[in-house]
Amino acid sequence: MTATDTALFTVRRAAAAPAASLPPFGQFIGGAFIPSTSDATVEVVNPATEEVLMQVPGGSVEDVDAAVAAALAAKAGWAAKTPQDRSAVLLRIADVIEANRELLETLEAANTGKPGAVAEDDISSAIDTFRFSAGAARTFNTPGAGDYAENHTSVILREPVGVVGVITPWNYPLLMAAWKIAPILGAGNTLVLKPSEQTPLSTLKLAELIAAEIPAGVLNIVTGSGRVTGHRISEHPDVDLVAITGSVGSGQQVAASAANTVKRVHLELGGKAPVVVFDDADLEAAAKGVRSAGFWNGGQECGSACRVLVHESVAAKFTELLVREVSEITVGTPGAGDAEIGSMISKAHYDRVLAALQDVRNDGLTIAVGGNAIEGPGYFIEPTVVTNVPASAAITSTEIFGPVVSVETFSTDEEAITRANETVYGLAASVWSTNAARALSVPRRLDFGTVWVNSHLVIANEMPWGGFKGSGYGRDLSAYALEDFSRTKHIMYNHG
Ligand code: NAD
């Protein structure tokens, strides 16, 4: 595939990209940046310019073992702290992120190619995640102590799980790390986190910035590949729970290697969110909603509004509105003012998205707008709408994870619900209707962990986020995340 030259879309380029403040070279273990036992390094690239930002350690099994040993050594001390003390640490972390927000936004944008506005939103959300967890960690609810059996008083203790292993993806590097670090520390666990090999910089930078705020060993960061360091975290006998945000395949491998030690597993995996637009919907609002939620972060978003199911009677009108909206999307490098979408995360992912677009062409579907690479440097792809999509087309069930939205039609409510549920994923969906009965009943029949009505991709730290079916299990955000990273112990006193 070649870049278009009759371009509706071009890449707006920032005159001079702001310089990123890079983290130290090393892995953050036991409270300090230390060298890896391996000489191997991984090149970290700015995908909007193709320039190398820095090398990070390739990571080794021994590095993970050292990090787990540090987390184990810190476990009892951190678990013994009161919720108030742990909460104070989380609040200080939030303050440090806020004080360094521009630095972190610039670094995140440089490592991911995302627009400044998306990086800004990521950092704001990360700050709020720490503040929410700081409060929620002090308000656990359990059944009251009392006599539930004759002459026996029951007390429930809520304990940390222990050492938690965390594996994060590349689409929201710091935010996905925050979604785990905040509740895991809030619930009294220590942790070892491995960021994506493609985007480790903001997580390493965070460790550098907050090192003075947390006891040594409570938070450890190792770098490297999923196959080596990620695998070691998931199989390590001293890791009590492993949490991964990533693709379904990686989640399956993590769950399989965790099985030998019967450790707990927390999986936040892929998605293919249906957007069900009924004939009574506000079509302009729905089209604007898909422009925003289908292309946020360049569509590299697990809850992306990427699969529209629209009633056949309004399909032509809706498609016209959507194509107009998408034609107006601006593409650019970080720092290029008002760019709505940036680059794909890597050459490999850019090639994957372009291959998916070639499949769309091979399947005889219509590309109503976009569909091509945009002239480099950088891994840019045009915002794309695919129409005339039959029920069985591959695009209805394959997660492309790029700036590509497909449009299918349906004729009855029953068909819409059945087709929306016909996916291995169960992360998120939305329903667009002005009919109150539909707005109440349809979401209850959709098999997704989050269902928005007349909205899509709005997230609140107080509310749980997580999937059903192939999208995994376990919940991020909300008090449910703190529950997932805690264990209950029942103590029963015989006073008879
Ligand atoms: P990925 O699965 O390729 O990688 C995710 C992480 O898992 C990386 O750190 C990687 O090194 C590690 N990993 C890979 N194989 C592993 C193995 N065998 N053992 C241990 N660790 C391993 O995913 P990605 O490409 O970084 O991210 C995109 C995927 O993440 C998409 O499928 C997206 O839907 C999903 N995602 C889900 C959510 C959610 O909340 N459900 C959020 C963001 C991203």
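The values are calculated or read from the model by the stated rules, or taken from the named source; none is laboratory data. Keep in mind it's a predicted model, so treat the numbers as computed, not measured. Methodologically, a virtual Cβ is constructed for each residue, glycine included, from the backbone with ideal geometry; neighbour enumeration extends over all protein chains shown. SASA here: full protein model, heavy atoms, side chains in, ligands and nucleic acids out. Shrake-Rupley method; radii C 1.70, N 1.55, O 1.52, S 1.80 Å.
The table for this structure:
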| read-out | value |
| --- | --- |
| Arg444 vs. criteria at pLDDT 95 or above, of a type in the set (Lys, Arg) and outside the structural domain of Val265 (by TED's automatic domain parsing) | yes |
| Test for Val96: is it at pLDDT 95 or above and in a strand (DSSP E or B) | no |
| Residue, most open to solvent (accessible area, probe 1.4 Å), within segment 221-239, restricted to residues that are without any contact (Cβ under 8 Å) to a residue 40 or more places away in the chain and near the ligand (Cβ under 7 Å from one of its atoms) | Arg227 |
| Residue tally, condition open to solvent by less than 40 Å² (accessible area, probe 1.4 Å) and either in contact with an Asp or Glu (Cβ under 9 Å, 6 or more places away or on another chain) or free of Cβ contacts under 8 Å to residues at least 12 places away in the same chain (or both), over segment 299-314 | 9 |
| Unique match (being more than 22 Å from the chain's Cα centre (by Cα), of a type outside the set (Gly, Ala, Ser), assigned by TED's automatic domain parsing to the domain that holds Glu108 and open to solvent by less than 10 Å² (accessible area, probe 1.4 Å)) among Val161, Val192, Val242, Val218 | Val218 |
| Matching strands (runs of 3 or more DSSP E) fully within segment 419-496 where at least 2 residues are in contact (Cβ under 8 Å) with a residue 40 or more places away in the chain and in contact with an Asp or Glu (Cβ under 9 Å, 6 or more places away or on another chain) | 428-432, 486-494 |
| Every residue from segment 170-182 that is within 14 Å of the ligand (Cβ to nearest atom) and closer than 23 Å to Arg131 by Cβ | Asn171, Tyr172, Pro173, Leu174, Leu175, Met176, Ala177, Ala178, Trp179, Lys180 |
| Unmet requirement for Asn260, which otherwise passes all of (1) within 13 Å of the ligand (Cβ to nearest atom); (2) in contact with an Asp or Glu (Cβ under 7 Å, 6 or more places away or on another chain) | (1) |
| Those residues of segment 387-407 which are farther than 25 Å from Asn171 by Cβ and surrounded by 15 or more Cβ atoms within 10 Å (Cβ to Cβ), in sequence order | Thr387, Asn388 |
| Flag for Ala336 being buried (at least 21 other Cβ atoms within 10 Å of the Cβ) and touching a residue at least 40 places away in the same chain (Cβ under 8 Å) | no |
| Candidates Ser411, Ser392, filtered to the one that is away from the ligand (no atom under 16 Å from the Cβ) and in contact with a His (Cβ under 8 Å, 6 or more places away or on another chain) | Ser411 |
| Flag for Gly271 being open to solvent by less than 10 Å² (accessible area, probe 1.4 Å), in a loop (DSSP other than H, G, I, E, B), away from the ligand (no atom under 14 Å from the Cβ) and touching a residue at least 24 places away in the same chain (Cβ under 8 Å) | no |
| Test result for Ala182, outside any strand (DSSP E or B) and either under 25 Å from Glu340 (Cβ atoms) or open to solvent by 10 Å² or more (accessible area, probe 1.4 Å) (or both) | no |
| Qualifying residue in segment 240-257 (condition: more than 16 Å from the ligand (Cβ to nearest atom) and touching a residue at least 60 places away in the same chain (Cβ under 8 Å)) | yes |
| Segment 198-214 - residue that is under 15 Å from the mean Cα position of the chain (by Cα) and part of a loop (DSSP other than H, G, I, E, B) and, of those, nearest to Val89 (Cα to Cα) | Pro200 |
| Hey, Ile341 away from the ligand (no atom under 16 Å from the Cβ) and under 24 Å from the mean Cα position of the chain (by Cα) or not | yes |
